[in-house]
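The values are calculated or read from the model by the stated rules, or taken from the named source; none is laboratory data. This structure is a prediction, so every number in the text was calculated from the model and none was measured. Here Cβ is always computed from backbone atoms with ideal geometry, including for glycine, and neighbour counts include all displayed protein chains. Accessible surface is based on the protein model in full, side chains and every heavy atom, while ligands, DNA and RNA are left aside. Shrake-Rupley method; radii C 1.70, N 1.55, O 1.52, S 1.80 Å.
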Amino acid sequence: MNPFELKGKVALVTGASYGIGYAIATAYAKVGATIVFNDINQELVDKGLAAYKADGIVAHGYVADVTNEEQINAVVAQIEKEVGVIDILVNNAGIIKRIPMHEMTAKEFRQVIDIDLNGPFIVAKAVLPSMMKQRSGKIINICSMMSELGRETVAAYAAAKGGLKMLTRNIASEYGEYNIQCNGLGPGYIATPQTAPLREEGHPFNSFIIAKTPAARWGTPDDLMGPAVFLASAASDFVNGHVLYVDGGILAYIGKQPK
Ligand code: NAP
Ligand code: GCO
């Protein structure tokens, strides 16, 4: 059997109407998984369904805010009834607010923590019972360079993504005996709507990231497809509590000397 295939598996990717989540869901569909995704409103879900259809993928879309435990529990029950037990969860939905910490309100800080850390807890908690019952499951949390590093203006995001790394390790520790593996996927700097402000023409961050990346380029969502399939497949059944960084080498590199 090909250890990298996902035939017969149901994969829920949160916030996967576009961006990294969409690429990961597409990768899973290409190796046989049934794709389920959510987004916060029907318009975005419909946009996602149309995109998947255009790519030849029959996806199942549901409206749910990952911060709303009641909504998530109801949607997970609906998915299990309409599609099947969720074998693979990718906690992808996330936001960032780039505000200097001394100017950030507590409400803004809490909003980021709520979506980027509380959300993954809520969705993982909702899928765990069925995974425990079937004694198998894959939970993949989308971490970040900010799970390891800080920088100006991203205090809330770094706190959330650092916490998500430890939530990953704790789920791995608590549920490994049920043959459930929980790992993190840590993208470097990827060209998506979330980083579009940093990639605007002439933005100093553009050249900064190129100098900090041995691959000397921004990543694309497609760069994450293979690593995401690995973490969702039988090929990683003894990988647990690990964060797989897909960063072109950023975390290994001090940065290119300015000319
Ligand atoms: P993105 O383009 O902003 O997409 C984020 C997705 O999450 C959108 O579909 C968004 O829907 C959805 N979402 C936001 N809040 C939600 C909520 N409360 N409930 C359900 N869905 C929600 O971001 P991305 O670049 O693809 O990033 C995806 C994940 O990768 C995030 O966790 C991000 O932190 C992480 N990441 C990104 C990078 C990067 O360089 N891009 C690097 C490392 C990690 P709406 O459009 O409705 O908001
Ligand atoms: C930023 C970026 C990063 C990326 C990603 C890096 O403002 O520094 O948005 O946070 O989104 O998380 O891995």
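Each residue of segment 216-224 is assigned a 3J(HN,Hα), and the resulting list reads 6, 7, 5, x, 10, x, 4, 5, 8 Hz, derived from the Karplus form 6.51 cos²θ - 1.76 cosθ + 1.60 (θ = phi - 60°), x at Gly and Pro.
Packing-based ranking of 191-202, 164-175, 246-257 yields 164-175, 246-257, 191-202, ordered from highest to lowest mean Cβ neighbour count within 10 Å. Here's the picture: charge each Lys and Arg Cβ at +1 and each Asp and Glu Cβ at -1 in the chain, and of PRO221, GLY188, GLY248 the one pushed furthest to the positive end of that dipole is GLY248.
Span-like helices, the chain: DSSP H, alpha-carbon axial extent 20 Å or more, mean Kyte-Doolittle 0.0 or greater, which ones? Those that pass (Cα extent of 20 Å or more, hydropathy at least 0.0) are 119-134, 155-175.
Take each peptide in 5-14, 88-97, count the other Cβ atoms within 10 Å of every residue, and average; sorted highest first, the result is 88-97, 5-14. Counting only the backbone N, which residues of segment 50-86 are under 18 Å from the spot 7 Å out from the Cα of TYR178 toward its beta-carbon? The answer is 72-81, 84-86, whose backbone nitrogens lie closer than 18 Å to the label point. Stretched out straight at 0.36 nm per residue, the stretch from ALA196 to ASN68 would grow longer than its current Cα-Cα span by 43.3 nm. The residues of segment 79-129 expose, per residue, 49 Å² of accessible area to a 1.4 Å probe. Quick one: length gained pulling GLU5 to ILE95 fully straight, 0.36 nm per residue minus the C-alpha distance? Taking GLU5 through ILE95 to full extension adds about 29.4 nm, to one decimal. Share of carbon and sulfur in the accessible area of the chain stands at 56%, probe radius 1.4 Å. Rounded to the nearest 500, the 222 nm mean residue ellipticity of the chain from helices alone is -12500 deg cm²/dmol, with -39,500 (n - 2.57) taken per DSSP H run of at least 4 residues.
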